[in-house]
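Asks: Here it is, the structure in full.
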Amino acid sequence: MINLLVDEAYAFDFLSIFYIKRNNSDLTLKAWNECKDYIKGQIPDKFNKIIKSKEYKNLLKANLKTFKAVDKAKIDKIKASYVDSCNYERYLAKKALQTKFFSTSLKETKIGYKNKD
């Protein structure tokens, strides 16, 4: 495994993706548990507050919406622009989580969305 320095919201985004996929197999459930424990071990004082927050719930919803859109796009049922807007919504959810719970801003930026932030 590689440890990667990422924004806290990125880590919770990663965790939320595992959460969405956790019912697909024992492997993804195990990955979700390992990721959860790893993050919680680093920020035990904030972890439960974040998981229970509306910001995290919004991130989960945005990821689920994005995953559903990607599945539809695979068979050309929706436009790529809709998938892009779902992904931007996901970015905004990460940004909101980072802003509320941490004193640093996201390192991630979106190209072509300067007027939307």
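Asks: Please order 35, 86 by the number of other Cβ within 10 Å, starting at the fewest.
Replies: Ordered by Cβ neighbours within 10 Å, fewest first: 35, 86.
Asks: Ignoring the sites themselves, what is the longest stretch of the chain with no trypsin sites (Lys or Arg not before Pro) in a DSSP loop and at most 11 other beta-carbon atoms within 10 Å?
Replies: My reading of the result: 1-51 is the longest stretch.
Asks: Mind sorting 103, 53 by how few other Cβ atoms lie within 10 Å of their own Cβ, fewest first?
Replies: Neighbour counts put them in this order, fewest first: 103, 53.
Asks: Sticking with this one: Residue 79: which lysines have alpha carbons under 21 Å from its alpha carbon, excluding same-chain residues fewer than 8 sequence positions away?
Replies: The qualifying lysines are 61, 65, 68, 110, 116.
Asks: Shape verdict for the range 8-101, please, from the Cα gyration tensor: rounded (a/c under 1.5), prolate (a/b greater than b/c) or oblate.
Replies: oblate
Asks: Moving on. In what order do 10, 91 fall by count of nearby beta-carbon atoms within 10 Å, going from fewest to most?
Replies: 10, 91
Asks: Another question, if that's okay. Tell me which aspartates and glutamates have Cα within less than 12 Å of residue 40's Cα, excluding those fewer than 8 residues away on the same chain?
Replies: 8
Asks: While we're on this one: Given charges of +1 on the Cβ of Lys and Arg and -1 on the Cβ of Asp and Glu, with all other atoms neutral, how large is the dipole of the chain about its Cα centre, in debye to the nearest 20?
Replies: 440 debye
Every number in this text was worked out from the coordinates using simple rules, so none of it is lab data. Every value quoted in this text rests on a predicted model; they were computed, and no experiment measured them. As a convention, Cβ positions derive from the backbone with ideal geometry for all residues, glycine included, and neighbour counts pool all protein chains shown.
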